[in-house]
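The values are calculated or read from the model by the stated rules, or taken from the named source; none is laboratory data. Predicted model only: the values in this text are computed from it and were never measured. When we count neighbours, we look across all protein chains shown, and the Cβ atoms used for this are built from the backbone with ideal geometry, even at glycine.
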């Protein structure tokens, strides 16, 4: 543990976040137990899930601060996707393969395009053109393109009716194993990366000393928030189909936008905060590391474990529009970060791209 890091209780922001999460979780429990309408259950559970995701992010950060910057970044990106993992498992158990596919792609797009765009707008508007070392972002872009290829090959093999189309499940498993191997081989790189929280930027208010929760408290909060997220995920998924039908929202849009944001994007507002503080390297690293963890770890794990769930086998044969949206986004992100600088207008372009993609899935 760094010398200037000392055990501290909850900060003001952390108390507010925990209180909001507990209140929303209680509200979701009451609404679900009372057998309220599907829309009410869906909305309250979604809000509770988003708040619990923020608490999980805070707890992971406190645990990770004792491990060093690189390990913290790896821990944040991996365990920070627990809410999304729970939602995907319950959705697969309900046979909602389309929702899971859209949610997984939406998680990547939500961070790599929407949150990155918001960070560029915030940092560029406040500080002008921002320069950064492009080496690490370029690697992130290369890995995103690998993920696109891993989805594109099984999808094309199936849609073009090649001989491999009859073995889509096996081909998907092979691609999933390759992605997992790439993830495992990349761990030394993640550990060397400085995606932690420089200078105690955890959102503490003025006058509060930099510190960390006692390790026991960190683990307990992480365990409780993760358990709460698992329960809230079940409450969120169970009325999903009826609620979205009632609201006139397609399952594809629900997965791509609503599920992805509720289970993933809230905790990554820290990337925007880094951009506001003129720390572009930390902003980009924080924002892009999470979607890569989703693509290289969460997606292949779900592909490999889904047959054990019995009701739905997730393969990497995705709807072509989802693969196209991911491919376009990966190319745009690669172009934007390649030159080692960004402006606010590039952020506007990224947010606009996300809006266009989201709109294209409104009808399904």
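Which of the residues belonging to segment 153-169 are surrounded by fewer than 16 Cβ atoms within 10 Å (Cβ to Cβ) and part of a helix (DSSP H, G or I)?
Answer for segment 153-169, where residues must be surrounded by fewer than 16 Cβ atoms within 10 Å (Cβ to Cβ) and part of a helix (DSSP H, G or I): 156, 159, 163, 164, 165, 166, 167.
If residue 180 satisfies every condition in (1) over 20 Å from residue 354 (Cα atoms); (2) assigned to a helix (DSSP H, G or I); (3) more than 19 Å from the chain's Cα centre (by Cα) but one, which is the exception?
Looking at each condition in turn, residue 180 falls short on (3).
Checking the structure you have, find out if any residue of segment 307-328 is part of a helix (DSSP H, G or I) and within 24 Å of residue 124 (Cβ to Cβ).
Yes: one or more hits.
Can you tell which of 125, 91, 150 is within 20 Å of residue 317 (Cβ to Cβ), assigned to a helix (DSSP H, G or I), modelled with pLDDT of 90 or more and touching a helix residue (DSSP H, G or I) at 6+ places or on another chain (Cβ under 8 Å)?
When all the criteria are applied, what remains is 150.
Look at segment 224-239 and say how many of its residues are out of contact with any helix residue (DSSP H, G or I) (no Cβ under 7 Å at 6 or more places or on another chain) and in a helix (DSSP H, G or I).
Result for segment 224-239: 3.
Condition (residue is at pLDDT below 75, touching a helix residue (DSSP H, G or I) at 6+ places or on another chain (Cβ under 6 Å), within 25 Å of residue 109 (Cβ to Cβ) and part of a helix (DSSP H, G or I)) applied to segment 190-204: is it met by at least one residue?
yes
Would you be able to tell me the number of residues in segment 297-335 that are buried (at least 22 other Cβ atoms within 10 Å of the Cβ) and without any contact (Cβ under 8 Å) to a residue 24 or more places away in the chain?
Qualifying residue count for the region: 0.
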